[in-house]
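A quick write-up on the structure given underneath.
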Amino acid sequence: MPLLSFPDAAMSADNIEPNIAALAHQYGPLVYRAAYKLLDNHSAAQDIQQDIFVRLLERPPQHVQSWPAYLTSCATRLSIDQLRRQRRWRSFLPFLGDTENTAESADQHVSNQQDVNRLRKGLARLNSREATCFAMRFIHGATIADIAHATGLTANHVSVSLHRATVQLEKFCGDSAARGE
Amino acid sequence: MTANMNIELSPRLSAQVASLAGVQPAEEDVAQAQEKLTRVLAGRATMRRVFNARWLAAAAACAAAIVAMVLPFTASSIAFADVQKHFASFKTLSFVLNTKAQGESISQMKVFVDQNKNARIETGKDITMVVSGSQQQMLMLFHGERVAMRFSTRADKPKDDPLEWINEIRTYKQAAKSLGTRKINGVSAFGWALEINGLHSELWSNEDGLPLTMTIQQKEGVTMQLDFSFDVPLEARLFSLEVPAGYTLKQGDDN
């Protein structure tokens, strides 16, 4: 089932005071899974899940059209930011290089895992908006209109971001695959 | 470039995307994260509420309300009069107030009251409120931050009187409806159904009329359960308004 077709039973679009506990009950697992896909780390996904709902509690957004879309967008954006921070941090630690998950991959020799790691690295190299749009569209299955609603971008802007992200990822993932990374 | 452009991924990128989209966490990790999220939100929600002075005053009155709530019921049943007697004549009353949403516990309070209407309310491990009935003062302790705040519990404006709802309970005229008997922790218990401010409540006592537990059904699947202990000796320090050592006193908001 496409992500954004989930029924939004917890809240109507007109409700300006969302029941955060009910939202967390209904969509907490969705947010966790969205973050986990990108981060592959329980603690990090849990932190993002908590961060999102605590922020909602402290500053609830108004006129959200689709809570699953909105929350997935938040989880994706924060996860992308986390990936980008990890990448920057590694650049300051040359002795670590780009070796994350290398041992795991070497042991597993599983092409799926290599694909996943390669794409995560690629997403971390994009700017946050482009990476978020790409992940929302192709990993979480959102439509361009849904991404636009959830992120506040125009549909045209989303399309441009998707195009740029795709071009860069095609190049990065192709190059890194050719290098055997 | 338009919004309707159709972006095609190469087979290689498409395969990578499919692999990443297929990543799933372990279900026990999802459940653990969800459980922790529920606890965190309940704690945050409590923190937000306690910074609201009116809620503070109402919460402080909670203990007194529990004492008062059975007083107005008509004594149509001798057994129920026995229950009322315990609320009217106790030396100390302690209870644990458990709030559940959709069957899951979201917060727990421990409340201690003495016959002088002093009260102490412990909200989880984070916050403690001490109320002095005679001094109309309340001390709040935020244990994580080691901060203390003092508030007046005096209600200057009648319409804002947080105790007003207690008066509504005092004027309650309906008879408590018997719910029959059941076992609670191996003890035969006798129950009564009550309607308080439109909320359905059930109060259960033992055969001597000693109240054991009470449930209050709130909106949206939220239930409060109070488990009572009567006349258990309480140390005087529990009701002290002194700022504990190591805590910084900050100005409270009485508005």
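What is the average number of partner chain Cβ atoms found within 10 Å of a Cβ in A:114-126?
Mean inter-chain Cβ contacts per residue within 10 Å come to 3.
How many Cβ atoms of partner chains, on average, are near each residue of B:23-30 if near means within 10 Å of its Cβ?
6
Using the structure shown, list the pairs from A:LYS37/B:LYS100; B:LYS100/B:LYS183; B:LYS110/B:LYS183; B:LYS100/B:LYS177 with a Cα-Cα distance above 26 Å, or answer none.
Among A:LYS37/B:LYS100; B:LYS100/B:LYS183; B:LYS110/B:LYS183; B:LYS100/B:LYS177, the Cα-Cα distance tops 26 Å for A:LYS37/B:LYS100.
Once you have the Cα-Cα distance between A:ALA22 and A:LYS171, take 0.36 nm times their residue separation minus that, and quote the gain in nm to one decimal.
Length difference between fully extended and current span is 49.4 nm.
What does the charge count near B:ASP82 come to, summing +1 for each Lys or Arg and -1 for each Asp or Glu among other residues with Cβ under 13 Å from its Cβ?
-1
Hey, can you grab everything whose amide H is under 5 Å from the amide H of B:GLY133? Only 5+ residues off in sequence or another chain; H modelled, so Pro and N-termini drop out.
Long-range HN contacts for B:GLY133: B:ASN118, B:ALA119.
Stretch B:THR248-B:ALA18 to full length: gain in nm at 0.36 nm per residue minus the Cα-Cα span?
Net length gain for the segment: 77.3 nm.
What average count of beta carbons from other chains do you get within 10 Å of the Cβ of residues in A:23-35?
Across the residues of A:23-35, the mean count of other-chain Cβ atoms within 10 Å is 4.
For the peptides B:142-148, A:161-167, what is the packing order when you average, over each peptide's residues, the other Cβ atoms within 10 Å and list the highest mean first?
By packing density, highest mean first, the sequence is A:161-167, B:142-148.
Which order do the peptides B:185-195, A:42-52, B:204-214, A:132-142 come out in when sorted by mean C-beta neighbours inside 10 angstrom, highest first?
Ranking the peptides B:185-195, A:42-52, B:204-214, A:132-142 by packing returns A:132-142, A:42-52, B:204-214, B:185-195.
Within the set of other residues whose C-beta is less than 11 Å from the C-beta of B:PRO211, count the net charge using Lys and Arg as +1 and Asp and Glu as -1.
Overall, the nearby charge balance is -2.
Laboratory data are not the source of any read-out in this text; all were calculated from the coordinates shown. Since this is a predicted model, take the numbers as computed values, not measurements. Neighbour counts are summed over all protein chains in view; Cβ atoms, including those assigned to glycine, are modelled from backbone coordinates with ideal geometry.
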